[in-house]
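Here is the structure we will look at, set down as structure tokens.
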Amino acid sequence: MQYSEKEMVEGCVRNERVWQEALYRRFFPAMIQMCMRYTSDRETAMEIVNAGFLRVFKKLHTFTFSGSLEGWIRRIVFHSISDHFKSRT
């Protein structure tokens, strides 16, 4: 079933697991694909994606719907990629 982004965000802000899972499942494929471009190791990519989604859920209350939700999530996950590689140097 397809949910609106507004429904998912509002449910996640209320800390409802069902909405968190829906948001994760909806955006996971694009985020794992982005991470795999930077690391060829799927396990590392999974760690980065999960760290990114943790940040997403912590910051979701600040999302204002003024832009794309996917773009907002992508930016946060990209910062997780960057942090991962910074921590390795």
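Values quoted throughout were computed directly from the atomic coordinates according to the rules given, and no laboratory measurement underlies them. Worth saying up front: this structure is predicted, and the values here are computed from it rather than measured. Here Cβ is always computed from backbone atoms with ideal geometry, including for glycine, and neighbour counts include all displayed protein chains.
Report, in debye and to the nearest 20, how large the dipole of the chain comes out about its Cα centre when Lys and Arg carry +1 and Asp and Glu carry -1 on their Cβ. Don't skip to the answer; put the middle values down first.
Values: 14 positive and 10 negative charges, 43 e Å.
Charge dipole, the chain, about its Cα centre: 200 debye, nearest 20.
Beyond 14 Å, what share of the Cα-Cα pairs of the stretch 1-58 remains, rounded to the nearest whole percent? Mind showing how you got there, number by number?
On the way: 902 of 1653 pairs.
I get 55 percent for the Cα pairs in the stretch 1-58 exceeding 14 Å.
Given points 7 Å out from each Cα along the Cα-Cβ axis, report the Thr62 to Arg25 separation in nanometres with one decimal.
That separation, rounded to one decimal, is 2.9 nm.
Listing Asp41, Asp83 from the residue with the fewest other Cβ atoms within 10 Å to the one with the most, what is the order? Kindly include the intermediate steps, with their values, before the conclusion.
Values: Asp41 11, Asp83 14.
Ascending number of Cβ neighbours within 10 Å: Asp41, Asp83.
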